[in-house]
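First comes the structure, then the notes that go with it.
The values are calculated or read from the model by the stated rules, or taken from the named source; none is laboratory data. As the structure is a computational prediction, the values presented were derived from the model and not from experiment. With ideal geometry, Cβ positions are generated from the backbone for all residues, glycine too; neighbour counts draw on all protein chains shown.
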Amino acid sequence: MIYPNVGGRFTFSAETCAAINARLRAPLGRWHRRFPAPGGGIDAARVPQWIERYGADTIFLIAGACTLSPTRSQLQDRWSGGETTFHG
């Protein structure tokens, strides 16, 4: 489920984002758990920070910040310290 991330142009508080993530990961009647997908204020350089905050089972929407990352090798260098694998 996509929602506005803390620090983005349209932002929720850190507490609200944490509550959304917790709720999405919990069962809800007949509905299955969902992947949280925060968007806004996320760039490739800070993905390890967001993984630490939200968990490796989170989908991160990186949109406008992609234009600031000129090469694939730079993205790979930035992510090499985290648990994320770059596929591209």
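Condition first: assigned to a helix (DSSP H, G or I) and either touching a residue at least 60 places away in the same chain (Cβ under 8 Å) or not polar (S, T, N, Q) (or both). Now tell me which residues in the stretch 6-38 satisfy that. Steps first, please.
Residues of the stretch 6-38 assigned to a helix (DSSP H, G or I): 14-25.
Correct list: Ala14, Glu15, Cys17, Ala18, Ala19, Ile20, Ala22, Arg23, Leu24, Arg25.
From the list Phe60, Phe86, pick out the single residue that is more than 22 Å from Arg9 (Cα to Cα) and either among the aromatic types (Phe, Trp, Tyr) or at pLDDT 80 or above (or both).
Working: Phe60 fails: more than 22 Å from Arg9 (Cα to Cα).
Exactly one of Phe60, Phe86 is more than 22 Å from Arg9 (Cα to Cα) and either among the aromatic types (Phe, Trp, Tyr) or at pLDDT 80 or above (or both), namely Phe86.
Restricting attention to the stretch 20-50, which residues are farther than 18 Å from Ile2 by Cβ and touching a Gly at 6+ places or on another chain (Cβ under 7 Å)?
Pro48
For the stretch 1-17, which positions are among the aromatic types (Phe, Trp, Tyr), in contact with a helix residue (DSSP H, G or I) (Cβ under 8 Å, 6 or more places away or on another chain) and farther than 16 Å from Phe35 by Cβ? Please lay out each step first, then the result.
Filtering the stretch 1-17 down to residues among the aromatic types (Phe, Trp, Tyr) leaves 3, 10, 12.
Okay, now just the ones that are also in contact with a helix residue (DSSP H, G or I) (Cβ under 8 Å, 6 or more places away or on another chain), so 3, 12.
Phe12, the sole residue that qualifies.
Is the stretch 39-59 home to any residue that is loosely packed, with under 12 Cβ neighbours inside 10 Å and among the aromatic types (Phe, Trp, Tyr)?
Looking through the stretch 39-59, none of the residues is loosely packed, with under 12 Cβ neighbours inside 10 Å and among the aromatic types (Phe, Trp, Tyr).
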